[in-house]
Amino acid sequence: MDGKVKEQKRHQQKHSGPKAERKKLKKQGGSTEEDERKRNPKAFAFQSAVRMAKTFHRAQDIKTKKHHIPLVDRTPLEPPPVVIVVVGPPKVGKSTLIRCLIKNFTRQKLGDICGPVTIVSGKKRRLTFMECNNDINTMIDLAKVADLVLMLIDASFGFEMETFEFLNICQVHGFPRIMGVLTHLDSFKNNKTLRKTKKNLKHRFWTEVYQGAKLFYLSGMVYGEYQTQEVKNLGRFISVMKFRPLVWQTSHPYVLVDRMEDLTDPEKVRTDPKCDRTVSLYGYLRGTYLKNKGQVHVPGVGDFQVADVNFLPDPCPLPDAQKKRALNEKERLLYAPMAGVGGVVYDKDAVYIDLPANHVNQQQEEVRPTTELVQSLIDTHATLDAKMAASKVSLFSGSASLDPTDIDQQSGEKEGPQEKRVWDPSTQRERRAVVFTEEEEGDDSSSSDDDEEGGSEDSDQEEEEDEDENNLSTFLKEARAKCERTEKNVSGSAPPVKKQKLEEKKGEREGIAEVPAFADSEDDLEISEDERKEKGEGGRAGDSGHWSEEDEEESDDEEESDDESAEEEEDAAEAAVKEQTASESEGEEEQGTLRWKEGLQRKASEAFLRQQEAAPNLRKLVYGSVVEVDDSEDEEEELGGLFRVSRPQKSKRFKANAVDCSRFNPDTSHNWDLEEMLNSIRDCFVTGKWEEDQDAATLLKEDEELYGDFEDLETGEVHKGQTGQQDQAEDSEEDDDEAEESLVKVDDEEVQKNKRLEKKRRLKERFDAEYDDGDATYFDDLKEEMQKQAELNRAEFEDVDDETRVQYEGFRPGMYVRLEISSVPCEFVTNFDPHYPVILGGLGSSEGNIGYLQMRLKKHRWYERILKTRDPLILSLGWRRFQTIPLYHIEDHNGRHRLLKYTPEHMHCGASIWGPITPQGTGFIAVQSVAGTKANFRIAATGVILDLDKSVTIVKKLKLIGYPYKIFKNTSFVKGMFNTVLEVAKFEGASVRTVSGVRGQIKKALSTPPGAYRATFEDRLLMSDIVFLRSWCPVSVPQLYNPVTSLLLPVGQKDSWEGMRTLGQLKHDLGIRNNPNTDSLYKPVARAQRHFNPLHIPKELQKALPFKSKPKQQQPKGKTPRDLQRPSVIREPHERKVAALLHALSTVHNHKRKKAHTVQHAKHKEFLQQKEKQEEAKLKRQREARKKLYRVMGQKDQKKHKSSLKGAPQDD
C-alpha cells in the first residue's frame, strides 16, 4: 500500500427489475403510487379507525421513548479516538478479536496486544482498542473511560461471572454502549442446539443490558482467525456507531496513556534507585478541557499535580486533517507505542529502533528526516573518541582537510584565524566574526567566494566537524537547495571583514557573473546571480533576508510544483550559464584590461538597490521588537524530533522585514508606461472604483440623503442639500438629458421594487416555516437551542491558532498531549506493565480534598454475605479506588440517623465514610477485596453520593440499667445507673421504664450513694423490678482513606493488592477463637414458686359491686356420711370367669369388625377411583361434542355475516 491507493469498486446501477422501473417512471415524471392515490383515494384510506388509532399511538410511544434530555454538543471538530474495550473471561478470544479487527482496518498483523492500539477506521473516526484482563482493578478503570464495550462470551460454556461483574461496574459508572460477541460457536455439532443456545444467551444478555441489545456471532475460526466477513461486519457496526455523552466523562478531562517516558536524571537514579521519578505521559485528551498545573489522579498510583502540559502533533491523524503526507499508508493507519509498532520498541533501560530491510534498501525519491537520522544512528560502528580522532575538517571547499595531528604540529608554527565577537544590530545577537592576519588575507579572499557554506548559519559549521553526521548535513544541503529551486549550492558568502572589493572567480565558475560585496551582513549575499535570474530575471534583489509575502508564496508554490517543471527550469538555467560563459570567454580576448568597465550603470543600480533593501528595520530600532507572522502551515522540517532544517527565507526576521513598511522593495521589472500596469493599481487610489460600502462618493451621497438641508445656527447661513442643488441644475438642462435621467430613475425604482419583493418573500417563507411546523414541540425547541449553543461555542475560537486557544480555554479534547508529572513513586516506572491501563483523570477544583461523604447504599442481591459496619470496604468512586471504613445507618421517621450493625437484606440504607470529595449524584461500587479471583460474585454493594458534609449525626442506642433500693408509694430511689451526680444532672427529666412496663421520669440526683437518683413512676414499683433508660449516643466516622496502589506492585502481582483486613479475617488468620459473653449464653432458668396472698375486697366495695362481680359466700363441702358412701362390689370366682370370657369374646368381635371395615374401605376407594376415571372420560366426550357444536355454530355465523355484508340481491 506504499503510496498506492486501492481503487474502490464502482457501483453498478440496475437496468432491469422493479427498482429500475420505478426509477424510470420517476424520471418521466411522478411516481406510480401517487398517481394511484389520486385516481383511487378510497383504496388507500385506512380500513379500521381503531387499528389506525393503535398504530398512531404506538408510533408516538416509540418516538417519545427515544427522547432524552438534550445536552450541548461539546465534541470537537477532530474528536479523539473512540475507546473500545474488549472484555471477557480468560481464553475467550479477546486478543484474537483485536488482531482481526486491526487487520480488517489496517491490513496489518499485530503480535502482542500491549496497551492501547489506535487505528484510523474512516475519514472521520479513529478507534483505540484496549484489552481488559481478568483483574477487577482493570475492569473498574476501563469501565470509566470506555465508549464502547465488546463483551466476549464463550457460547460453548455460557455466561461467566466476569461478564456480569463488568456489566454491574458499567451500570454504576455511566453505562457505555455494549455489544455482545459470541465465540466458540464451532464447538456445537447439532444445529438445533446451536439455535437454542443462541436464543437463550441473547435473551439473558437482553435482560442485563436492554431489550434489543446487539449480539454478534463469530461462527468459527479459519487458520487461527475469525472469518473475514464476520469481522468486517463487526467493524462496520463499530465504525458507524453513535455514542451518548456520559455525565462523568463529559465533565472531567482524562487521558488514556499510550506512552510513558522516565525523565528523571540518570545520575540521581544511579545514586538513589528508590528516588521519586519525573515521568511524561502521552495520550489523547478526552472529556472536557484540561488546564495546565491542575490536579490529576492516576488510578492505582495516586493524586498528582501536573508539572507541565504540551500538545504534540497528532501521531495518528485523520486522513482529511493531513496537509502533507509525512507517513505512508501502512505507518499512518496504526499507532501503538507500547506494542512496539512504528519501528520503536521501548524496553526497561533502552529504546530499540527496528528498521525493516526493505526500508533501508529502498531508494526513495524524497529522503525522509526520520529515516535519515535513524539510518545514520544504525551505521555508527565506532565510539565518539575514535571518531573525533579520525575526523578531518576542511574550512573551505577548495582547501586541504586538516587532521588533528596537523593542527597540533602547526599550532606552534603559525597562528590560525582569530575569533572576534561582534554585536549585530540587525539580528539582535552576538556573532562570531573571523579575523585573519594580513598574510592570510590576500590568499583566502579568493577562496571565500568558492566557499559553499561559509556564509550560511552557524549550525552548519558545527555540523561539519563530525564525519558521522555527513548524512545529516547532505540532507540539510539538499533541503536548502530544493527550497531555492537550484541544484548548485549557495555561491556567495559574506567576507569575514567587510570590504568593498570585487573578486574575479577562477576555474570552472569564471563565467558566472560576480556579486558586488555591498553587504551589510553575512545573510545579504546568500543568493547568487544565476539563482536571481532563475527566480525573476532581476525582479528580486540579492538580499534573501528581505522578501515580500508574495515572494514567499511564490517560493512555496515552486516547492510544491512537480518534478518535470523543475527539471525544465534547471536545464534552461544551465543553458543560460553556458551561453554566458561562452560569450564572456570570446570577449575576454578582445577587451582585455577594459573588462572591469562593462555594465558599470547596471552594477551601480544593483548596488544601490541592495543598499536600499538592506536599510535598518526602523520598527525594531524604535520598539525593540518586530511583528511576528504566525503561519502554522510553514512548520520546520524535523529530523527525528531532534534537529531542524534551517530555512532562512522562512524565519521570523525575514517575515517581519517583508511586512515592515519602512523597507521599500523597488521592482524594476514593472513598466509603468503600459496601460495594463496603470489599470492594475488604479483602484488603490480615491478616484478608483471601490466596493459599494467603501466608495467615498456613495457614502457622501448617503450622508446628503440622511441630513439634507440644514441651517448653521451661529452664522445663520442656510446650507442646501445636494438634492436641492440638483433640482436647480435640472431646470437649466435640456430635454434629452431629462429623458435620460427619467429612464435611469425608472430603472432604479425597478431595482428597489425587486429588492422589496425579495425581502417580503423571504419573510413570508420564514413565517410559513415557523407557523406550519405543527410537529415542533418543546423538545424540538430545546434541541434547537442546544444546537445554537454548540455552534456558538465552536465559532468563538474557530479562527484562533492552537497556541492562543490553549491559553484561553485550556487543552481541548482531541489533542494529543504530553503531561509531565513529578514525585511519582519509583515502583510505577520499575514495575510498569503495558498490559495494565494507565489513566490520568482530571480532578475538579474541590475534588482533591478529603472529607465526610453521605451515601445511599444497597447490598448487591447476588453477593452472598451481608456487610458489617466498621468492616473495611474498597470503593470505586469517581476516578479513584480506595479503601475506607463505612458506618451504615437508617433514617427513622423523626429524622434520627440510627446506626445499623449490618446492611439490610433487600433495602437501601445510608452510609457515611471519610473519603475524597466527589460531586453529588456520582455512582460508586464496593468490593470487599481486589486480590485474585474468587468463586463467587465479587461486587458487594452499589450506591450513590448524597451529601458532602458532616451534618448527619449517626447515633446508636444505649440502655442504662438501674435497680430500686427504696420505694415510697410511686416514688423510688434508683442506684447503679450512673456513677456521678454530674451524669445524673445531664439526664434530669429523661423518661425511664421498668421491664414490666411501668413508665417514669428522673427527678433529682441524691447525695449518697454517688450516681443514685429519685424518680417518680405511674405505679408502685417492686424491689424485683429493673429500671432502664433508653438513650442515643453519637458515633464518629473512622477517618481511613487508603488508595489502592495496584500499579505499584511488581509485574505479575498487580492483582494481589491487600489493604486493611476485616476483624473476621484477622481472627481467622491469627487463629483467635471468639470467647462468648457469659451473659449471652442460654442456661436453665430456675424460678422459685411464688405464693400470692388471697384477694381481699373491702366490704364497702363489695356492696357497690354488681351481683355478678360480688364474691359468692359458699359453704365449704363437708365429708360424706358413711351411710351415704357406695360400697365396693366384690365378685365371686364364677362371676370373674364369666366377665373374663365376655371380655375376650368382645375383643375378638371388635377385631373382626375392624378388619371387615378396613377391607370395605379399600373396596370403596377402588370404586371411587374407577368412578373418577369414568367421569373424566365422560367429561372428555362432552368437551369434544361441545367443541364440535361450537365449530359448526361459528361457521354458520360466519356465513350469515358474509351474506349480510354482500347485501340484498339486485332483483329486489
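Bear in mind these aren't lab numbers, they're just calculated from the coordinates by the rules spelled out. Quick caveat, the model's predicted, so the values are computed rather than measured. Methodologically, a virtual Cβ is constructed for each residue, glycine included, from the backbone with ideal geometry; neighbour enumeration extends over all protein chains shown.
How high is the FRET efficiency from GLN787 to MET1060, r the C-beta distance, R0 56 Å, rounded to 0.05?
Values: r = 51 Å, r/R0 = 0.91.
It comes to 0.65.
Between their Cα atoms, which of LYS66/LYS202; LYS1004/LYS1083; LYS859/LYS950; LYS274/LYS387 are more than 26 Å away from each other?
LYS1004/LYS1083; LYS274/LYS387
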Query raised in the report: What is the gain in length, in nm to one decimal, between ASP1019 and ILE1097 on full extension, counting 0.36 nm per residue of separation less the C-alpha to C-alpha distance?
Result: 26.1 nm
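Where Rh denotes the Kirkwood radius from the mean inverse Cα pair distance, what is Rg over Rh for the range 895-940? Numbers along the way, then the final one.
Working: Rg = 13.9 Å, Rh = 13.8 Å.
Reported Rg/Rh, Kirkwood definition of Rh: 1.00.
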Query raised in the report: At what distance in nm do the modelled label points of LYS54 and GLU676 sit from each other, each positioned 7 Å from its Cα along Cα→Cβ?
Result: 8.1
Requested in this report: Take the alpha carbon gyration tensor of the range 925-1073, find the square roots of its eigenvalues, order them as a ≥ b ≥ c, and report rounded if a/c is under 1.5; if not, report prolate when a/b exceeds b/c, else oblate.
Outcome: prolate
**Report entry** Most to least packed among 864-870, 1179-1185, 927-933 [average Cβ atoms within 10 Å]
**Finding:** 927-933, 864-870, 1179-1185
Query raised in the report: Calculated FRET efficiency, ARG794 and LEU312, Cβ-Cβ r, R0 30 Å, to nearest 0.05?
Result: 0.85
Query raised in the report: Expressed in nm to one decimal, what extension gain is obtained for the pair LYS1154 and ARG761 from 0.36 nm per residue of sequence separation less their Cα-Cα distance?
Result: 130.3 nm
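Between ALA1139 and HIS1164, what FRET efficiency follows from the Cβ-Cβ distance if R0 is 45 Å, with the result rounded to 0.05? Mind showing how you got there, number by number?
Working: r = 37 Å, r/R0 = 0.82.
For R0 = 45 Å, the calculated efficiency reads 0.75.
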**Report entry** Where a label projected 7 Å from the Cα of ASP892 along Cα→Cβ would reach, residues of the range 996-1014 with amide N under 18 Å
**Finding:** 999-1002
Report task. Express in nm, to one decimal, how much length is gained between ILE866 and ASN233 on full extension, taking 0.36 nm for each residue of separation and deducting their alpha carbon distance. Result -> 223.4 nm
Query raised in the report: Under a point spin-label approximation (7 Å from Cα along Cα-to-Cβ), what is the HIS15-GLU1175 distance to one decimal in nm?
Result: 8.1
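Quick one: of LYS144/LYS783; LYS63/LYS232; LYS94/LYS232; LYS94/LYS214, which pairs are farther than 22 Å apart, Cα to Cα?
Working: LYS144/LYS783 27 Å; LYS63/LYS232 31 Å; LYS94/LYS232 16 Å; LYS94/LYS214 18 Å.
Long pairs (Cα-Cα over 22 Å): LYS144/LYS783; LYS63/LYS232.
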Query raised in the report: Say each of ALA1185 and SER991 gets a label point 7 Å from the Cα, pointing the same way as Cα to Cβ; how far apart are those two points in nm?
Result: 7.5
